[in-house]
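Take a look at the structure below.
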Amino acid sequence: MGKALIIGAGGVAGVVVHKCCQNPDVFEEICIASRTVSKCEALKKKLDGGKTKIQTAQVDANNVSELVTLIERFQPDIVINVALPYQDLTIMDACLATKVDYVDTANYEPEDTAKFEYKWQWAYRDRFKEAGITALLGSGFDPGVTGVFSAYAQKHYFDEIHTIDILDANAGDHGYPFATNFNPEINIREVTAKGSYFENGKFIETDPMSIKKVYDFPQIGPKDIYLLHHEEMESLAINIKGIKKIRFWMTFSQNYLTHLQVLQNVGMTSIEPINYEGHQIVPLQFLKAVLPDPASLGPRTKGKTNIGCIFQGVKNGKPVTYYVYNVCDHQECYREVGSQAISYTTGVPAMIGAAMVLTGKWKRPGVFNIEEFDPDPFMDALNRFGLPWHESFVPELID
Ligand SMILES: NC(=O)c1ccc[n+]([C@@H]2O[C@H](COP(=O)([O-])OP(=O)(O)OC[C@H]3O[C@@H](n4cnc5c(N)ncnc54)[C@H](OP(=O)(O)O)[C@@H]3O)[C@@H](O)[C@H]2O)c1
């Protein structure tokens with residue numbers, strides 16, 4: 001069917017590459033390109049010899065002309081961006097210059113400001129439309145599957161959805177006193193930022209980790225959940241009919257929060273550069289260098305994740321409640337693709353989103369969030385590619 005250029009060779013990219021190779025009728029050829037080419041070659045070595053042909057390349061994704069040269073050489077039908085959110089705009093610029101479709105899993109944030117919002121990428125709408133190419137934004141799990149779940153609920157079970165609670169639980173234990181499950185810099189920027197929720201047309205800010213509840217997750221049990229700001233709330237607030245309230249909840253252990261508090265108190269999570277013995281260093285980037293590499297957590301992590309959404313609203317004038325979620329086992333993911341469940345739950349939807357565009361099911365000129373497309377083929381693919389989902393119409397609710 002087609003060729004995909006995969007940018008990045010970290011934890012998520014490793015899963016994307018495995019999953020493209022499991023879907024060779026769609027992904028006939030892939031090129032894995034990243035800053036450190038040895039990581040691309042290691043992935044190729046693991047998976048070479050199957051039906052999907054694999055190439056590798058070195059690229060600095062901050063550099064548009066390097067990206068354009070690579071795209072012109074490899075001639076992909078789609079670019080899957082699983083580098084870092086800082087590279088979203090340069091990669092979108094290169095896709096525009098070469099008229100190639102684009103998929104990512106996280107919205108752009110400037111490196112020097114811990115603020116993530118869609119305005120920068122939404123500003124590309126007219127240019128992508130005029131170029132006749134598709135940009136699919138946020139095709140991971142959250143954002144990603146949470147938006148597909150919302151579109152599915154809206155299509156099949158509701159006339160109007162009034163509230164959405166997105167619940168992200170990780171009950172995995174990697175045995176380290178402190179480590180993050182995906183890129184530590186991005187992860188810590190996210191969890192130390194102010195929280196927020198959407199209510200009656202506006203976002204209300206909260207102090208970091210100031211709203212805590214306990215939720216009894218299917219297959220995992222009771223966990224502390226904290227209200228966070230999360231990027232999909234911004235697009236769901238626009239795209240879900242009749243929506244009045246959206247909240248995003250994530251589990252954290254007391255141990256994780258205590259370590260984070262100490263690191264924050266001593267200044268290690270700051271993104272302001274400091275001078276250290278004549279070198280400019282960013283404390284958070286230095287912290288990333290001393291923390292365990294998330295890609296190395298796979299063999300050690302035991303337990304499950306549970307990510308899903310609870311919807312409340314009306315159908316035919318009657319109140320409806322609907323919970324849809326996926327449970328993923330860290331060890332099973334490791335056995336299948338050599339990664340823990342956080343990379344797995346992001347990499348599988350990234351491959352599926354790219355396949356939706358490549359096969360023409362979701363091909364539409366412009367820049368789109370995932371809930372703007374027909375959710376049914378994506379929901380079907382989740383079941384086939386390792387992220388089966390479960391439904392309940394009588395879930396426990398969050399007050
Ligand atoms: N939506 C979701 O559910 C979700 C969940 C988790 C993560 N994510 C997103 O997934 C993405 C990947 O996360 P990850 O955990 O795989 O991160 P990671 O392990 O740190 O991998 C990032 C990769 O990008 C490469 N890279 C960084 N800067 C680059 C540049 N300028 N040019 C070329 N390559 C560059 C890195 O190269 P080096 O090897 O040289 O460092 C690395 O291979 C991030 O954007 C993250 O926010 C989304």
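Some points to look at:
- Karplus (6.51, -1.76, 1.60) ³J(HN,Hα), θ = phi - 60°, over the stretch 358-368, in Hz, Gly and Pro reported as x: 4, 7, x, 5, 10, 8, 8, x, x, 10, 10
- Candidates Val26, Val262, Val59: whichever shows maximal mean-square fluctuation once the chain is modelled as a Gaussian network with Cα springs under 10 Å: Val262
- Cα extents for the stretch 171-315 along the principal axes, largest to smallest and rounded to whole angstrom: 63, 34, 23.
- Extension gain from Ala193 to Gln261, taking 0.36 nm per residue of separation minus the Cα-Cα distance: 23.2 nm
- Neighbour counting of Cβ atoms within 10 Å sorts the residues Lys53, Lys202, fewest neighbours leading, into Lys202, Lys53.
- Space enclosed by the convex hull of the alpha-carbon atoms of the stretch 147-190, per residue, Å³: 116 Å³
- For the stretch 202-262, the Kirkwood estimate of hydrodynamic radius, built from reciprocal distances between every pair of different alpha carbons, is 13.4 Å.
- On the principal axes of its alpha-carbon atoms, the chain has extents of 55, 55, 40 Å, going from largest to smallest.
- Subtracting the Cα-Cα distance of Asp60 and Ser38 from 0.36 nm times their residue separation leaves 6.5 nm of extension gain.
- Cβ crowding within 10 Å, taken as a proxy for footprinting-reagent exposure, orders Glu371, Glu41 from fewest neighbours to most as Glu41, Glu371.
- The residues packed around Phe74, meaning those with a beta-carbon under 13 Å from its beta-carbon, carry a net charge of -2 if Lys and Arg are +1 and Asp and Glu are -1.
- With 10 Å bins beginning at zero, the pair-distance distribution over Cα atoms of the stretch 284-331 amounts to 19, 26, 23, 17, 12, 3 %.
- Annotation: amide H of Phe373 has no partner in the under-5 Å range at sequence separation 5 or more or interchain, hydrogens built in the peptide plane.
- In the stretch 231-316, the GluC sites (Glu not before Pro) that fall in loop regions by DSSP, at most 11 other Cβ within 10 Å: Glu277
- Result for the chain in a Gaussian network model with C-alpha springs under 10 Å: among Thr56, Thr180, Thr113, the largest mean-square fluctuation is at Thr113.
- Taking amide H as placed 1.01 Å from N in the peptide plane, the amide H of Lys53 sits under 5 Å from that of Glu29, Ile30, each at least 5 places away or on another chain.
- Applying Stokes-Einstein at 10 °C and 1.306 mPa s to the Kirkwood radius of the stretch 30-95, computed over alpha-carbon pairs, gives a translational diffusion coefficient of 129 µm² s⁻¹.
- Extending 7 Å from the Cα toward the beta-carbon at both Lys212 and Lys315 defines two label points whose distance is 3.7 nm.
- DSSP-defined antiparallel bridges as percent of all bridges, the chain, nearest 5: 60 percent
- Only Cα sites of the stretch 332-399 enter the Debye sum here, all with the same form factor; the resulting log10 I(q)/I(0) across q = 0.13, 0.14, 0.19, 0.26 1/Å is -0.49, -0.56, -0.87, -1.14, listed in q order.
- Potential lengthening between Gln285 and Phe178 on full extension [0.36 nm per residue; Cα-Cα distance subtracted]: 36.9 nm
- Label point 7 Å beyond Cα of Phe203 along Cβ direction - residues of the stretch 279-314 with amide nitrogen under 17 Å: none
- Over all directions, the projected convex hull of the C-alpha atoms in the stretch 63-144 averages 5.2 nm² in area.
- Environment charge of Pro184, counting only residues whose C-beta is closer than 13 Å and scoring Lys/Arg +1, Asp/Glu -1: -1
- Among Leu67, Leu260, Leu89: highest mean-square fluctuation, GNM of the chain, C-alpha pairs under 10 Å: Leu260
- Sorted into 5 angstrom bins from 0, the C-alpha pair distances of the stretch 1-150 split as 2, 10, 20, 23, 22, 15, 7, 2, 0 percent.
- Pairs of Cα atoms nearer than 8 Å and 6+ residues apart set the relative contact order; for the chain it is 21 percent.
- Relative contact order computed over the stretch 61-164 (Cα-Cα under 8 Å; 6+ residues apart), in percent: 23 percent
- Residues Tyr322, Tyr102, Tyr276, sorted so that the one with the fewest Cβ neighbours within 10 Å comes first: Tyr276, Tyr322, Tyr102
- Amide H partners (placed H, <5 Å) of Asp101, local residues excluded: Val79, Thr134
Read-outs: derived from the displayed coordinates by stated rules, not from any lab. Not measured: the values here are computed from a predicted model. Note: ideal-geometry Cβ built from the backbone for every residue, glycine included; neighbour counts use all protein chains shown.
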